[in-house]
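Each remark here refers to the structure printed beneath this line.
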Amino acid sequence: MRERGDSAGPPDQRHRLAAGPTPKHVQLGAILRDLVEHELPPDSAVPSERELAQRFGVSRLTVREAIGRLVAAGLLTRVRGRGTFTARPRLDTPPLLSFTQELRRHGMTASSTLLTCSEEVPTTNTSVTLGLEPGEPAYRVCRLRLADGAPLALEHGWFSPRLVPGLLDHDLTGSLYSLLAQTYGVLLDRGQQTVWAAEADASTARLLKVRTSSPLLVFRRVSAAGEHPVEDTTSWYRGDKYQLTMSADQPGAPRGPHSAQGGAHER
């Protein structure tokens, strides 16, 4: 595929639309996906709708639908006033690593902006999760998490004062897991994580620098040190920058060199 600004010539033999029952926007989407995944590096400009329509002999509406699906899948990203570009690979989350550790695995630098921190009574659900008495306060820490300086996630965390007294007196812009380990000797070695999809409301969209109603991945993580619950944190991740990978095995299936391996990607 030529860079934006080149003349729109005819597609090569590998990238032609075929007559048949498969809708043209689906065929075009498959062609663009192949180019994005195998030929174009991240942040490459994609030809305009007009150029693609001329090159493939389809309407701009067909092109718009094909591109829209790839944007929703996180392969392309639209930048207002500039055009459409190939997206950077999404981060893939492993179990029970801190945000800082996770980004370091991907060669990125983590940082945080502390939005609010306070001591207040949590919801009944969080209170029970942290093993607190009714009406007992907990530490609430809200941060904007950044990857290489760009917003990636909004994080709202609750922490048990029983295990980390005086937490709010410390610098909360770095890795909290490192702070817990080095200051309190609390090593988080157990956790349960729940994941669901959501749309960004106006305030979350503003902080994450996405449009309102953009897709998000929401993680609720409850972590413990041994049998003692320490944190109950919910994080809203940009759906265009993050993915979740899971392995799936058939219950009772034999394990060995001939057993099939399964995987699921939540995008």
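Things to note:
- Taking amide H as placed 1.01 Å from N in the peptide plane, the amide H of Arg88 sits under 5 Å from that of Asp43, each at least 5 places away or on another chain.
- With neighbours defined as other Cβ atoms within 10 Å of a residue's Cβ, the residues Asp169, Asp232, Asp148 order from fewest to most as Asp169, Asp148, Asp232.
- In sequence order, region 113-130 has phi-based couplings of 10, 6, 8, 8, 8, 7, 10, 8, 7, x, 5, 4, 4, 5, 4, 5, 4, 8 Hz under the Karplus curve 6.51 cos²θ - 1.76 cosθ + 1.60, θ = phi - 60°, and Gly or Pro positions carry x.
- Ranked list, fewest to most other Cβ atoms within 10 Å of each Cβ, for Leu176, Leu144: Leu144, Leu176
- Test item: Cα-centred dipole of region 91-248, Lys/Arg +1 and Asp/Glu -1 on Cβ, debye: 520 debye
- Backbone geometry of region 48-62 corresponds, through the Karplus equation with coefficients 6.51, -1.76 and 1.60 at θ = phi - 60°, to 3J(HN,Hα) couplings of 5, 4, 4, 5, 5, 4, 5, 5, 9, x, 10, 7, 5, 5, 5 Hz, x marking Gly and Pro.
- Residues Glu133, Glu37, Glu155, ranked from the fewest to the most other C-beta atoms within 10 Å, line up as Glu133, Glu37, Glu155.
- Charge dipole of region 179-240 (Cα centre as origin; +1 on each Lys and Arg Cβ, -1 on each Asp and Glu Cβ, all else neutral): 280 debye, rounded to the nearest 20.
- Options Ala202, Gly107, Ser127, ranked by Cα towards positive dipole end of region 91-248, top entry (Cβ charges): Gly107
- Long-range HN-HN contacts of Ala200 with modeled amide H, under 5 Å: Ser213, Ser214, Leu216
- Shown here for region 162-232: GluC sites (Glu not before Pro) in loop regions (DSSP other than H, G, I, E, B) with at most 14 other Cβ atoms within 10 Å, namely Glu227.
- Counting only Cβ charges, +1 for Lys and Arg and -1 for Asp and Glu, the dipole size of region 13-86 around its Cα centre is about 260 debye.
- For region 198-228 and region 109-142, distance of Cα centres in Å: 15 Å
Throughout, read-outs are computed from the coordinates displayed, never taken from laboratory work. Computed from a predicted model, the values in this text were never measured in an experiment. With ideal geometry, Cβ positions are generated from the backbone for all residues, glycine too; neighbour counts draw on all protein chains shown.
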